[in-house]
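See below for the structure under consideration.
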There are 4 protein chains.
Amino acid sequence: MAFTTKMRVRFRHCDPAGIVFFPRYFEMINDVVEDWFAQTLDLPFEKLVKENGAPTLQIETKFTAPSLHGDMLVFCLTPTKLGRTSLQYQMTAHCGDELRLSVSAVLVHVARLGRPLPWPDDVRKKITQQMLPDS
Amino acid sequence: MAFTTKMRVRFRHCDPAGIVFFPRYFEMINDVVEDWFAQTLDLPFEKLVKENGAPTLQIETKFTAPSLHGDMLVFCLTPTKLGRTSLQYQMTAHCGDELRLSVSAVLVHVARLGRPLPWPDDVRKKITQQMLPDS
Amino acid sequence: MAFTTKMRVRFRHCDPAGIVFFPRYFEMINDVVEDWFAQTLDLPFEKLVKENGAPTLQIETKFTAPSLHGDMLVFCLTPTKLGRTSLQYQMTAHCGDELRLSVSAVLVHVARLGRPLPWPDDVRKKITQQMLPDS
Amino acid sequence: MAFTTKMRVRFRHCDPAGIVFFPRYFEMINDVVEDWFAQTLDLPFEKLVKENGAPTLQIETKFTAPSLHGDMLVFCLTPTKLGRTSLQYQMTAHCGDELRLSVSAVLVHVARLGRPLPWPDDVRKKITQQMLPDS
């Protein structure tokens, strides 16, 4: 059960070659994670980060084709592994049928001081329901 | 023979938790690559991108400890694998003795239309000289 | 006849004080102008910038109250003065009843080499129709 | 007595037209203000923002000529008016002899809750010493 959201490539995303500058993709990726938390976990970032946080620990990304200004990108996020305090997800972005990027990342739930913090039970339950049977 | 450069963590890099927002790290990483091209390969990006480009194909990053506003980060870049048109590099950033991030990335030399383009011989030679004997 | 669009304040917009970092407002302002061109002038930026451009010549902004992560901002843009090659607009952003910022800016239509270029007649007509009777 | 600092235009600053995207100028402007606080007021932002802040209230900018990737910009900042809690400054950026932008801005010293806070006496003194006799 992948979470899906759309984002149009804007002028501010693009570099002198007229394609998305790769650090801007990571801003988009963060927006997708933010939307996923808000829309499916009932834990909007603005609430989460008041006391705690969910920093990214590692992220692997393959950019399989360039994206142009004006392209409509469809992002899909699937949670793939849930630890006591960590969460692994995979994400893709397509434009039409063409894969533009694929991501595998791990983030961790932390208290403000950086100490790992178990996911709350309701968040845990909501994530688990979105995971594929075999992941 | 690693290429080394320093960068201070600025206000604009930091998020509401007061630490570097991870997409900003990728802006820093791109700056380091840009400096490396300009200072060691005699191929400044502003010259490279006039006709061609060097987009990032894949990048894996581990964030091992958070960076705070004001921290002085020391980045080290080492080229690790040189293909006909591709280049793999590894990068680390430390603050004092503490490792903050490690990166492994692949970029590719392309013509404006996106077609892979062999590295020029002089660039090729300069990169090879910087590679470790066994990489 | 103001053009209106909404934008939510995201994590990536916010600084260590938890409020929108002012350079991020200018990214939002540019997005609003981009939407206005695409939705009302039939001149999407991705088409405009292929041959020409519309750089900002001057911009004055007052930030009347801070915006917090999660706030829904309503932006209104009104064209106020149309020259042969230039365009002045005013913009506001509100959160609920509270004014967050007001902008007055001038941009200019240029050819790729930077030479001012008269607005096409159809764009000119569409802009004029949106202007207030007395502006 | 203007504060002066240099910044090179980087790939990440530039838009599809190959010139600095104007919101990136505001990131540079903020860096200049940050350097000015750290180097001349003995009040680095990382210390200032721990308890308080110095948000920008208004900023007027004229972009008089475009900046290209690779250009070396020389920024000059002069404080022009010091209120009990506010500060007005003017800034320019030149590339060689050519003026690229001029800025007039007001920022305010605030406590974390947003309440205006008088400038500390030592900061006040250091700013006053940098002001032109007639400003």
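The values are calculated or read from the model by the stated rules, or taken from the named source; none is laboratory data. Nothing here was measured: the structure is a model prediction, and the numbers come from that model. When we count neighbours, we look across all protein chains shown, and the Cβ atoms used for this are built from the backbone with ideal geometry, even at glycine. Protein only, heavy atoms only, side chains kept; ligands, DNA and RNA dropped before computing areas. Shrake-Rupley method; radii C 1.70, N 1.55, O 1.52, S 1.80 Å.
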Could you tell me which residue in chain D puts its beta carbon nearest the axis mapping D onto B, with the distance rounded to whole Å? D:27, 5
Helix A:121-130 sits off the longest principal axis of the Cα atoms of chain A, rounded to the nearest 10 on a 0 to 90 degree scale, by 40
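Test of the criteria: in the range D:31-84, which trypsin sites (Lys or Arg not before Pro) are in a DSSP loop and have at most 14 other Cβ atoms within 10 angstrom of their Cβ? Each step should come with its number before you reach the end.
Working: sites: D:47, D:50, D:62, D:81, D:84; in loops: D:84.
Qualifying residues, ordered by number: D:84.
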Starting from a label point 7 Å past Cα on the Cβ side, list the distances from residue B:129 to the same position in the other copies, nm, shortest first. 4.7, 6.2, 6.4
Neighbours of residue D:95 by Cβ distance under 12 Å: Lys/Arg at +1, Asp/Glu at -1, summed charge 0
What is the calculated FRET efficiency for residue D:113 to residue B:121, with r their C-beta to C-beta distance and R₀ = 45 Å, to the nearest 0.05? 0.15
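Would you rank B:91, B:7 by solvent-accessible area, highest first, keeping every protein chain in place and using a 1.4 Å probe?
Details: B:91 0, B:7 30 Å².
The residues order as B:7, B:91, largest area first.
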Based on DSSP H runs of at least 4 residues, each adding -39500 (n - 2.57), what is the mean residue ellipticity at 222 nm of chain C after dividing by all its residues, to the nearest 500 deg cm²/dmol? -8500 deg cm²/dmol
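As a test of the definition: which semi-axes, in Å, follow for chain B when you take the square root of five times each eigenvalue of its alpha carbon gyration tensor? Largest first, please. Working shown, then result.
Details: eigenvalues 150, 53, 32 Å².
Working from the Cα gyration tensor, I get semi-axes of 27, 16, 13 Å.
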Across C:120, C:66, C:16, the residue with the highest GNM fluctuation in chain C (Cα network, 10 Å cutoff) is C:16
How many angstrom separate the Cα center of the range B:11-89 from the Cα center of the range A:39-55? 29
Tilt of helix A:22-40 relative to the longest C-alpha principal axis of chain A, in degrees (0 to 90, nearest 10)? 40
Multiply the residue separation of residue B:98 and residue B:39 by 0.36 nm, subtract the distance between their alpha-carbon atoms, and state the gained length in nm to one decimal. 18.6 nm
Solvent-accessible area of residue B:102, probe 1.4 Å, all protein chains present, reported in Å² to the nearest ten, please. 40
At residue C:76, with labels set 7 Å past Cα in the Cβ direction, how many nm apart are the copies from this one, shortest first? 4.1, 4.3, 5.8
Suppose each label sits 7 Å from its Cα in the direction of the beta carbon; what would the residue C:84-residue D:85 distance come out to in nanometres? 4.9
Spelling out what I want: for every residue of the range C:57-62, take phi, set θ = phi - 60°, compute 6.51 cos²θ - 1.76 cosθ + 1.60 (Karplus), and round to whole Hz; glycine and proline get x. 8, 8, 8, 10, 9, 10
Just which residues of the range C:12-32 lose 40 Å² or more accessible area with every protein chain there, against their chain alone, with the probe set to 1.4 Å? C:12, C:16, C:21, C:22, C:23, C:24, C:26, C:27, C:30, C:31
Might you tell me the accessible area per residue for the protein assembly as shown, computed with a 1.4 Å probe and given in Å²? 44
Which residues of the range B:60-98 show a drop of at least 10 Å² in accessible area when all protein chains are present, compared with their chain alone (probe radius 1.4 Å, heavy atoms only, ligands and nucleic acids excluded)? B:60, B:61, B:62, B:63, B:69, B:70
